[in-house]
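Working notes for the structure below.
Since every read-out is calculated from the coordinates, none of them should be taken as a lab result. None of the values given here were measured: they were computed from a predicted structure. Every residue, glycine as well, gets a Cβ built from its backbone with ideal geometry; the counts of neighbours run over all protein chains shown.
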Amino acid sequence: METLGSEMNCPNCHADEPAPARRDRRLVECRRCGLLRLRPRLSPAEAMAEMRERYSRPGRFASSNPIHEASRYQDEVRLINSFVSRRSESPSALDVGAGYGGLVRCLALNGFDAVGLDPFPGFVELAVRHGIDVRRGRFERAGLPPGLLERRFDLISFRGSICYLSDLREGFELVRELLKPGGCVYVQMHVLDSLYYRGGRDVLSRYGPFVSFVPTRASLRRLLQEHGLQVELERGVVGSGAELLLGRRPRWIGAAIDEALNPLIAAAGRHDAVMYVARP
């Protein structure tokens, strides 16, 4: 059974002027701002209930170790680092939608004074258990934990999380308030343009039913610019061509397939994800 929510309006412009979306009958396109979204979509309370249902099974994170997984973010952090103003030896960073803290840990290992934010208590507990500073809360004025609203950051990152903000207008207002002068925003997100979705694969298979909008490369860029951010970097990420085509990455020949396919996928503009660095 599909999860139904109670929110009818667009998370960006707040209008309820839907047009049918060609990609999926569950999605609509906002006539005013162009975002794709579920209609109805889940409210924050409904989304949290859905997350609890999905992620609270006993042993769900038994094998997860954010200390070990931090290394997978090293290339991204190296890229981010090249854009962050180094006014101090330890620039400050807030990772929104931090999960159990792998990126927070990697940022800290690279000299950042990093803190994460996530609404799901299971993720937060796992991060804290491994000594990673992730705090429970939502990226909205009334949902920030004590102390964060008073801080200012050189970097605010949304890795895989921007499409879960329930109110984008409030979210970007908060971004501009919490960033230090010269600070930057990092966004990385799977996009609907991905080759992964060819052949009718379920649009929600990666985003989950608690997504506020379903991003495309064009809509993410437009969203950043609409809210007063100047894009300084836009880069497509292919990931694994084998996984995009086959739905999995064969253990023995995956690397060879990737080496052959990834340049072709990139040339066709069917990247699996896109990353942005932007500033007010």
**OP:** Go through S63, A45, L192 and say which Cα lies farthest out towards the positive end of the charge dipole of the chain; charges sit on Cβ, +1 for Lys and Arg, -1 for Asp and Glu.
**Re:** L192
Original post:
Hey, in the chain, which Cys have no second cysteine's beta-carbon closer than 4.7 Å?
Top reply: C106, C163, C184
Subject >> Highest-first arrangement of 143-156, 30-43, where packing means the average Cβ count within 10 Å >> reply: 30-43, 143-156
Subject >> Cα centre as origin, Lys/Arg/Asp/Glu Cβ charges: the chain dipole, Debye >> reply: 380 debye
Original post:
If the label point is 7 Å along Cα→Cβ of Q74, which residues in region 111-135 have backbone nitrogen under 15 Å from it?
Top reply: 111
Original post:
Across 5 Å bins from the origin, how do the percents of Cα pairs in region 113-160 run, short distances first?
Top reply: 5, 19, 30, 29, 15, 2
Subject >> region 134-182 pair-distance distribution - Cα-Cα, 5 Å bins, rounded % >> reply: 5, 20, 31, 31, 12, 1
Original post:
Extension gain S88-R25, at 0.36 nm per residue separation less the Cα-Cα distance, in nm?
Top reply: 17.7 nm
Subject >> Span per principal axis, largest first, for the Cα atoms of region 38-187 (Å) >> reply: 43, 36, 28
Original post:
Put +1 on the Cβ of every Lys and Arg and -1 on every Asp and Glu Cβ in the chain; which of F153, S205, L79 then has its Cα farthest towards the positive end of the dipole?
Top reply: S205
**OP:** Can you pull a Stokes-Einstein diffusion coefficient for the chain at 10 °C (1.306 mPa s), Rh from Kirkwood over Cα pairs, as a whole number of µm²/s?
**Re:** 81 µm²/s
